[in-house]
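Note sheet for the following structure.
Please treat every number below as a calculation from the coordinates, not as lab data. Source: prediction; values computed, not measured. Don't worry about glycine lacking a Cβ; one is built from the backbone with ideal geometry, like all the others, and counts go over all protein chains shown.
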Amino acid sequence: MEHITDTPTLKAPAERFTGDVYLNMIETPAEPARLAAALVRFTPGARTNWHSHALGQVLHITDGVGLVGTRDGNVIRVSAGQTVKCPPNEEHWHGATDTNLLAHIALVVGDASGDGTTWLEPVTDEQYEAALAGVEGGCTGRS
């Protein structure tokens, strides 16, 4: 058993996120385990770039209100206690709404070469605003 009492809060890299995002690593993959887990906190308006995961991703919302969107335009509104599963290789993004913080635990299983994440371009302000408008207008996709 290992008791981890503290992990430092790190600012997320600007080349992968828009806005202010902070990470606390819960688990970093070490052979033979391949689980990466992090508590991720987004300030209002902050979000990830488009990205995908070779083996998928699970997001468990711990606090606040946010959005998860996919390339096909599906956007869901998420809040504390909800979980979203992103299937393998699905291009998606996630982040806070424009008026709320969002915190989630992100879980990814990688392979021997890393966590299997492919980082892509930023979500544009236009894409983000359309996602907000779609959710506010009742277009919430599957939940």
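By the Kirkwood approach, averaging reciprocal distances over each pair of separate Cα atoms, the chain gets a hydrodynamic radius of 15.3 Å.
In the chain, helical runs assigned H by DSSP with n ≥ 4 each contribute -39500 (n - 2.57); averaged across all residues and rounded to the nearest 500, the mean residue ellipticity at 222 nm is -2500 deg cm²/dmol. Listing E27, E121 from fewest to most neighbouring C-beta atoms within 10 Å gives E121, E27. Taking the C-alpha atoms only, the angle from helix 125-136 to the longest principal axis of the chain is near 70 degrees.
Pairs of alpha carbons in the stretch 1-52 separated by more than 12 Å make up 70% of all such pairs. Full extension of the segment from M25 to E90, taken as 0.36 nm per residue of separation minus the current Cα-Cα distance, would add 21.1 nm. Length gained on full extension, D98 to T43, computed as 0.36 nm times the residue gap minus the Cα-Cα distance: 18.9 nm. The calculated FRET efficiency for A133 paired with S79, based on their beta-carbon distance and R0 = 30 Å, is about 0.95.
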